[in-house]
Amino acid sequence: MRAARLIKMVLLLQSRPSMTAAELARELEVSARTVTRDAQALSEAGVPVYADRGRTGGYRLIGGYRTRLTGLARHEAEALFLSGLPSALREMGLDDAASAARLKVSAALLPSLRGASHTVSQRFHLDAPGWYQDPVTPELLPAVAEAVWDDRLVRARYRRTPSGEVERELAPYGLVLKAGVWYLCARAGEDFRVYRIDRFTAVSVSEDRFVRDEEFDLPRFWEERAAQFARSILRTEVTVRLSEAGVRRLPHVVDRAAAEEALSGAAEPDAGGLRTVVLPVESEEVAYSQLLPLGPEVEVLAPTALRERLADTAERLRDLYR
């Protein structure tokens, strides 16, 4: 990413009196021509890069740059660390700040800005593996994002059921984008909870700031809550007999943690190499759609209704391809 390369170039020049184009090209893994273009871009953005000509020449920063010019405001520096997520920036209303940061990138940040990457990681976490779809932007997301950035309390109305709403005062700690859905991790009273942003019907951002618990770790909190949620919906059990191929593929079609736990607790394979496993699932309907792709690599032993439904599907497939 060019922004990261520009930052590295400034840091290199700050650490040495002067560097030739060839030295910079080697450190940055680009061509000497790219170094020339990058130096020009930095100069146009206000970073005092100076080129000395001649055999012993090179690039250097005008002395005192680190103390006289920061180049980035705090919100721009923090937005820069999200520049790899352009769609998320647009949805949170931070694309202008990110654009300004890239134009003014200098890397010579004041001490107050050097914790920007930590600040961002504790406020925004992208949980995307396994799902790729265009997220629907909740109308109130920019207001919530603003409160998260500034550690401001919010008063929000939240739709818990189709016909019922509650009002809460929240300390908004962080946002998570999961499978195209935005969630807010917030402290309500003494407890940390998770709210879907699209279920907020009103949000009022207070002028009052809350004191952030420095021990709060957003990625870890989300991982724990996601695991709890996944377990909470697995209310039914099915008993299946799996081939060796079925054992390998099972974690890819059902909840991975549930599959791995069920397999670890299962008995050894029988004489035919088949393993019998008791698997927790959300419902028989969900189990049907999950196990069907395994085809002949899985045999449902119980419940009977699910076994009969898969047998009927197998009969229809046989008739179709006969």
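On inspection, residue 193 does not qualify as of a type outside the set (A, V, I, L, M), touching a residue at least 12 places away in the same chain (Cβ under 8 Å), surrounded by 12 or more Cβ atoms within 10 Å (Cβ to Cβ) and under 27 Å from residue 140 (Cα atoms).
The set of residues in the range 1-16 that are surrounded by 18 or more Cβ atoms within 10 Å (Cβ to Cβ) and in contact with a strand residue (DSSP E or B) (Cβ under 7 Å, 6 or more places away or on another chain) contains only 13.
Give the residue that is modelled with the lowest pLDDT, with candidates limited to residues of the range 17-42 that are under 10 Å from residue 59 (Cβ atoms) and open to solvent by 40 Å² or more (accessible area, probe 1.4 Å). Once the filter is applied, the top-ranked residue is 18. Screening the range 266-322 for residues that are basic (Lys, Arg) and open to solvent by 70 Å² or more (accessible area, probe 1.4 Å) and picking the one that is farthest from residue 240 (Cα to Cα) gives 322.
Considered as a group, the residues in the range 134-169 that are open to solvent by 50 Å² or more (accessible area, probe 1.4 Å) and assigned to a loop (DSSP other than H, G, I, E, B) include one that is nearest to residue 206 (Cα to Cα), and that residue is 139.
Residue 259 meets the conditions (1) touching a helix residue (DSSP H, G or I) at 6+ places or on another chain (Cβ under 8 Å); (2) touching a residue at least 24 places away in the same chain (Cβ under 8 Å) in every case but one. The failed one is (2). Looking at the range 170-180 only, could you name the residues that are open to solvent by less than 30 Å² (accessible area, probe 1.4 Å) and within 16 Å of the chain's Cα centre (by Cα)? Those that are open to solvent by less than 30 Å² (accessible area, probe 1.4 Å) and within 16 Å of the chain's Cα centre (by Cα): 173, 174, 175, 176, 177, 179, 180. Among the residues in the range 205-221, are any open to solvent by 70 Å² or more (accessible area, probe 1.4 Å), within 30 Å of residue 172 (Cβ to Cβ), β-branched (Val, Ile, Thr) and touching a strand residue (DSSP E or B) at 6+ places or on another chain (Cβ under 9 Å)? Yes. Counting the residues of the range 295-320 that are out of contact with any strand residue (DSSP E or B) (no Cβ under 8 Å at 6 or more places or on another chain) and either at negative phi or not in a helix (DSSP H, G or I) (or both) gives 15. When residue 263 is tested against (1) in contact with a strand residue (DSSP E or B) (Cβ under 9 Å, 6 or more places away or on another chain); (2) over 30 Å from residue 144 (Cα atoms); (3) open to solvent by 90 Å² or more (accessible area, probe 1.4 Å), only condition (3) is not met. Given the criteria among the β-branched types (Val, Ile, Thr), open to solvent by less than 40 Å² (accessible area, probe 1.4 Å) and under 26 Å from the mean Cα position of the chain (by Cα), does residue 254 qualify? Judged against the criteria, residue 254 is a match.
The values are calculated or read from the model by the stated rules, or taken from the named source; none is laboratory data. These figures come from a predicted structure and were not determined experimentally. Cβ atoms come from the backbone with ideal geometry, glycine included; neighbour counts cover every protein chain shown. What goes into the accessible areas is simple: the full protein's heavy atoms, side chains included, and nothing from ligands, DNA or RNA. Shrake-Rupley method; radii C 1.70, N 1.55, O 1.52, S 1.80 Å.
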